[in-house]
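A short write-up of the structure that comes next.
The values are calculated or read from the model by the stated rules, or taken from the named source; none is laboratory data. What you are looking at is a predicted structure, and each value in this text was computed from that prediction instead of being measured. When we count neighbours, we look across all protein chains shown, and the Cβ atoms used for this are built from the backbone with ideal geometry, even at glycine. The area values use the complete protein model at the heavy-atom level, side chains included, leaving out ligands, DNA and RNA. Shrake-Rupley method; radii C 1.70, N 1.55, O 1.52, S 1.80 Å.
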Amino acid sequence: MFITLLITLLVVTCLAVYLKLRKLYSYWSKLGVPHEKPLFFLGNMKGLGYSCHGTEINRRIYKKFKDSSPIAGFYTFLTKAVIIMDLDLIKNILIKDFQYFNDRGLFHNERDDPLTGNLLFLDGNAWRMLRQKMSAVFTSSKVKIMFSTIVMVAAKLEHACDIVVNNREHQIEVEDLCARFTTDVIGTCAFGIECNSLEEPKAEFREMGRNIFEQPRHSLLVQSFMICNVDLARQLRMKIFRNDTSKFFMSVVKETIKLRKKDQIKRNDFMDLLIELMEKREKLLKQGQRIKEDDMASGLTFEQACAQAMVFFVAGFDTSSATMSFCLYELALNPDIQRKLREEILTVLEKYNSQITYESLKEMTYLEQVFNETLRKYPVAPLLPRVCVKDYRLPNSDLTLEKGLGIIIPIDAIHHDPEYFKEPEIFNPDRFASAAMAQQHPAFSFLPFGEGPRNCIGMRFENLVTKNLPLNYMSPQPLIRSSTV
């Protein structure tokens, strides 16, 4: 009797799961939206992390449906999403109709994983208030002040390069060198801490940065599940950051705040802003005001401040070091481009007594072209995620994107579309010359930092950090060779 009941329950459960999945995976068919046939539980994510990368999946779907439809249906494991391929529609989503798509829908679980409560991951009012507060750090004037600090770290980079070049019996790991440089820059600009990664490759800050990306808490498959099934992952109380990583960054912020208050240190930097917001909250609490945990308009808790410091490090560290590595790689493969860039740098610096200044950097137009072409061919964010926060009627269509639907803007696929960039696999900075730019599609064919109210807040900062490395490599030395990169 018990076995019969158990078998019956099992059959009923399996049938219920089957019917629910069948309903889910028939969503785009019923709407008449082009899509690939999904697999149960995997959706269109087959092979992710094993036989293919997410960018390959996006490129495949983009190429298959781009000429026949402005959108394509997509299933990310157990959720449905839509890939936007029409550039004018992308413009609407990012700017004109931003109020329908202001959330990213990324995983965050402040209760169990406090560092996920940051500007990059949060949505809704919490994001709006943080964006408003954090923007004060990344104004043109503030970033210009940071430039002198970046140049000081770059001087140490030049010394580190000399050591590496003179030690010719070893191969040069450029990616590691770039990561050590960005670690020192961000450590100084954000935390006011001398990380000394360029002098000591195994410095603690550098090791923690390495662990975040090379030794994540979960496999790529599990990470993808968390990203695509945010609510379920939160209910399961899953985390992104490893416990030792969280403990380290919270300890660093705590000690930095303690030191600055004790010695009354003011640097007018990112950490000072966080301290100011924490003190604002403490003052209101002392006055007897009741403040909700997620009310960031009234200041930040210690954990929330740590989360913002963490994302400054993570976002700046990975994006800048990756862009610099790819830039140097392409310069090594293209000596003519490298030679042209060197000539421009040396010509401009001659006007400024060989001093790298904020103004001299602005005059290096070909460096800007090289930088942009690197971001086109190797976008640090291969896609922009958004969530439809209320029903949205597609322009010139009877189709409505329903509330809660995931939105995918495939930046990598667009950047490699020959309709917008001829011979996209060829590294050609001349695409971004003024005359060539004027002939490009008027809508958003180049989106390295996103666009609209939720674009990359640290765009100016990353621009300066990234350009400083080629500046130091372009001194009157022998050309960078592919064998050394």
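The number of residues in segment 405-424 being without any contact (Cβ under 8 Å) to a residue 40 or more places away in the chain and either touching a strand residue (DSSP E or B) at 6+ places or on another chain (Cβ under 7 Å) or more than 22 Å from S69 (Cβ to Cβ) (or both) comes to 3.
The set of residues in segment 1-28 being within 17 Å of L405 (Cβ to Cβ) and surrounded by 13 or more Cβ atoms within 10 Å (Cβ to Cβ) consists of L24, Y25, Y27, W28.
Please verify whether segment 51-72 includes one or more residues that are surrounded by 20 or more Cβ atoms within 10 Å (Cβ to Cβ) and touching a Phe, Trp or Tyr at 6+ places or on another chain (Cβ under 7 Å). Scanning segment 51-72 turns up at least one residue that is surrounded by 20 or more Cβ atoms within 10 Å (Cβ to Cβ) and touching a Phe, Trp or Tyr at 6+ places or on another chain (Cβ under 7 Å). Within segment 343-355, the residues that satisfy the criterion of being charged (D, E, K, R) and either touching a helix residue (DSSP H, G or I) at 6+ places or on another chain (Cβ under 9 Å) or open to solvent by less than 50 Å² (accessible area, probe 1.4 Å) (or both) are E343, E344, K351.
A quick yes/no check of all residues on (1) part of a helix (DSSP H, G or I); (2) farther than 14 Å from Y378 by Cβ; (3) open to solvent by 10 Å² or more (accessible area, probe 1.4 Å):
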position: A297; (1), (2), (3): yes, yes, yes
position: Q304; (1), (2), (3): yes, yes, yes
position: D318; (1), (2), (3): yes, no, yes
position: T323; (1), (2), (3): yes, no, no
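Between E158, E173, which is free of Cβ contacts under 8 Å to residues at least 12 places away in the same chain and not aromatic (F, W, Y)?
Numbers: E158 fails: free of Cβ contacts under 8 Å to residues at least 12 places away in the same chain.
Exactly one residue qualifies, and that residue is E173.
Among the residues of segment 356-369, are any within 19 Å of S445 (Cβ to Cβ) and either surrounded by 15 or more Cβ atoms within 10 Å (Cβ to Cβ) or hydroxyl-bearing (S, T, Y) (or both)? Within segment 356-369, one or more residues are within 19 Å of S445 (Cβ to Cβ) and either surrounded by 15 or more Cβ atoms within 10 Å (Cβ to Cβ) or hydroxyl-bearing (S, T, Y) (or both).
Give me a count of the residues in segment 292-310 that are in contact with a Ser or Thr (Cβ under 9 Å, 6 or more places away or on another chain) and either at pLDDT 80 or above or polar (S, T, N, Q) (or both).
4
Restricted to segment 357-444, the set of helices (runs of 4 or more DSSP H) holding at least 2 residues that are modelled with pLDDT of 95 or more comprises 365-377, 411-415.
If the condition is being surrounded by fewer than 17 Cβ atoms within 10 Å (Cβ to Cβ) and within 16 Å of N372 (Cβ to Cβ), then segment 397-422 contributes only K422.
Select the helices (runs of 4 or more DSSP H) contained entirely in segment 1-74, then report the ones holding at least 1 residues which are in contact (Cβ under 8 Å) with a residue 60 or more places away in the chain. If you could, list the steps in order and put the result at the bottom.
Numbers: elements: 2-24, 27-31, 54-65.
Result: 27-31, 54-65.
Among all residue pairs at least 6 apart or on different chains, which show Cβ distances below 6 Å where the first residue, located in segment 191-208, is part of a loop (DSSP other than H, G, I, E, B) and the second is at pLDDT below 80 and open to solvent by 20 Å² or more (accessible area, probe 1.4 Å)? Pairs found: G192/R267.
A quick yes/no check of all residues on (1) in contact with a Leu (Cβ under 9 Å, 6 or more places away or on another chain); (2) within 30 Å of I408 (Cα to Cα); (3) not aliphatic (A, V, I, L, M):
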residue: L232; (1), (2), (3): yes, yes, no
residue: Q235; (1), (2), (3): no, yes, yes
residue: R242; (1), (2), (3): no, yes, yes
residue: K262; (1), (2), (3): no, no, yes
residue: K266; (1), (2), (3): no, no, yes
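Among the listed residues L394, L384, identify the single one that is over 22 Å from F461 (Cβ atoms), in contact with a helix residue (DSSP H, G or I) (Cβ under 9 Å, 6 or more places away or on another chain), of a type in the set (A, V, I, L, M, F, W, C) and surrounded by 15 or more Cβ atoms within 10 Å (Cβ to Cβ).
Working: L384 fails: over 22 Å from F461 (Cβ atoms).
L394 is the lone residue from the list that is over 22 Å from F461 (Cβ atoms), in contact with a helix residue (DSSP H, G or I) (Cβ under 9 Å, 6 or more places away or on another chain), of a type in the set (A, V, I, L, M, F, W, C) and surrounded by 15 or more Cβ atoms within 10 Å (Cβ to Cβ).
Which count do you get for residues in segment 440-466 that are within 17 Å of I145 (Cα to Cα) and not small (G, A, S)?
Step one: of segment 440-466, the residues within 17 Å of I145 (Cα to Cα) are 457-466.
From the residues that got through so far, the ones that are not small (G, A, S) too are 457, 459-466.
Residues that pass the stated criteria total 9.
Examine segment 165-182 for a residue that is open to solvent by less than 60 Å² (accessible area, probe 1.4 Å) and touching a Gly at 6+ places or on another chain (Cβ under 8 Å), and state whether such a residue exists. Yes, segment 165-182 contains at least one residue that is open to solvent by less than 60 Å² (accessible area, probe 1.4 Å) and touching a Gly at 6+ places or on another chain (Cβ under 8 Å).
Can you say whether L106 is modelled with pLDDT of 90 or more, surrounded by fewer than 18 Cβ atoms within 10 Å (Cβ to Cβ) and among the aliphatic types (A, V, I, L, M), as far as the supplied structure shows? In short, yes.
Restricting segment 258-289 to residues that are assigned to a loop (DSSP other than H, G, I, E, B) and under 24 Å from R131 (Cα atoms), which is nearest to the chain's Cα centre (by Cα)? Steps first, please.
Restricting attention to segment 258-289, the residues satisfying the condition of being assigned to a loop (DSSP other than H, G, I, E, B) are 264-269, 287-289.
Subsequent filtering for residues that are under 24 Å from R131 (Cα atoms) retains 266-269, 289.
Numbers: K266: 29, R267: 26, N268: 25, D269: 21, Q289: 37 Å.
Here the residue is D269.
Of all residues in segment 121-135, which are open to solvent by 10 Å² or more (accessible area, probe 1.4 Å) and under 17 Å from I186 (Cα atoms)? The answer is S135, and nothing else. Taking segment 90-142 as the range and being in contact with a Lys or Arg (Cβ under 6 Å, 6 or more places away or on another chain) and in a strand (DSSP E or B) as the test, the residues that pass are N109, D113.
State whether the residues of segment 65-81 include one that is charged (D, E, K, R) and under 26 Å from V222 (Cα atoms).
Here is the first cut: in segment 65-81, the residues charged (D, E, K, R) are 66-67, 80.
So of that shortlist, the ones also under 26 Å from V222 (Cα atoms) come out as 80.
Yes, segment 65-81 has at least one match.
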